[in-house]
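A quick write-up on the structure given underneath.
The values are calculated or read from the model by the stated rules, or taken from the named source; none is laboratory data. Just so we're clear, the structure is a prediction, and the values are computed from it rather than from any experiment. Every residue, glycine as well, gets a Cβ built from its backbone with ideal geometry; the counts of neighbours run over all protein chains shown. Surface accessibility is based on the protein's heavy atoms, side chains included, excluding ligands, DNA and RNA. Shrake-Rupley method; radii C 1.70, N 1.55, O 1.52, S 1.80 Å.
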Amino acid sequence: MDLNVTYLTIAGHVDVHKYRYLYFLIILTAYIFIICSNCTIVYLIWSQQNLHEPMYIFIAALLINSVLFSTVIYPKLLIDFLSEKQIIFYSACLLQYFMFYSFGGSEYLLLLGMAYDRYVSICKPLQYPTIMKKTTVCIFLAVAWLLPAAEMVAAVIISLNRKLCNFTLKGIFCNNSIYKLHCVPSRTISIYGVFILINVALLPLLFILFTYAKIFTVTYRSSREVRKKAAETCLPHLLVLINFSLLCMYDIINIRLESNIPTVVHFLMTLQVFLYHPVFNPIIYGLKMKEIHKHLKRLFKIK
């Protein structure tokens with residue numbers, strides 16, 4: 001199979017010829033907001049000396065990840081809305097699929113790093129400086145971005161040699177639904193997909209929930225001041241975790257029920273996967289993180 005000349009038809013859009021400019025305007029507005037809001041908070045964390053702490057470095061990494069995650073999908077969507085035919089080369093589709101799940105996996109691992117940072121800060125405050133050193137943070141960030149990418153490379157290599165019998169993608173971007181294009185379903189791909197899901201999503205999620213359970217157990221027995229501090233720093237992370245986990249469930253449900261639900265419903269469900277989360281993150285951290293909110297008010301001269 002020649003990847004350079006094999007192209008797929010993207011068939012998940014609804015009335016794209018009728019509403020193309022409305023879709024374009026909504027997605028362009030969302031994309032501009034995502035870039036500007038996320039980059040503003042990252043800039044503040046980079047420029048303000050008092051924000052050079054592990055917690056804020058993880059937040060900056062998460063927001064950068066949100067921008068990269070969005071850039072995997074939004075530009076191609078904008079092109080599709082203005083095109084007569086919504087098509088993509090199979091090689092480009094594999095690249096989008098690889099990056100989508102790589103950055104999605106990184107999101108969970110970055111949230112794991114943030115949860116561990118909060119656990120050490122609240123449950124082991126005296127050991128915090130020795131545990132959460134610059135080296136520790138760098139290792140967390142490297143693993144968060146490299147591990148999902150390394151695991152997804154293997155998934156792409158397996159897919160490269162699979163013969164295609166269907167060239168119509170029932171979606172609006174390339175995700176696990178590309179496996180439904182293969183002539184013969186692959187048991188290897190299915191098992192490996194479950195392995196990746198457990199490794200970069202389920203296990204980190206269980207670890208995060210365990211650390212927050214420990215945090216709330218410790219703070220419940222502590223003073224009101226400690227409880228307030230824990231709530232201020234942990235609640236935004238939990239909100240982001242819940243939001244992202246729901247969107248991951250959306251993606252899984254979407255792929256499983258693809259042929260059993262109307263195109264309009266499938267289209268709307270697919271939008272949830274990539275529209276809310278990158279918009280939601282900067283709002284949560286900008287409003288709920290006290291120090292970031294303070295610097296934002298100063299930056300925009302809000303009293």
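Could you tell me what percent of the accessible area of the chain is made up of carbon and sulfur, with a 1.4 Å probe and every protein chain present? C and S atoms contribute 68 percent here.
Note on exposure: 187, 227, 298 ranked by accessible area (1.4 Å probe, complete protein assembly) read 187, 298, 227, with the most exposed listed first. Comparing 138, 36, 165 in a Gaussian network model of the chain, where Cα atoms under 10 Å apart are tied by springs, the biggest mean-square fluctuation is seen for 165. Restricting the GluC sites (Glu not before Pro) of segment 80-161 to loop positions (DSSP other than H, G, I, E, B) with no more than 15 neighbouring Cβ atoms within 10 Å leaves 84. Applying a 4.7 Å Cβ-Cβ cutoff to the chain, the cysteines left without a disulfide-compatible partner are 36, 39, 123, 138, 234, 248. Against the chain, whose longest principal axis is taken from its Cα atoms, helix 290-299 shows a tilt of about 80°.
Taking the longest Cα principal axis of the chain as reference, the axis of helix 16-47 is set at about 30 degrees.
For segment 137-230, the number of Lys pairs with C-alpha atoms closer than 17 Å, counting only pairs eight or more positions apart or on separate chains, is 4.
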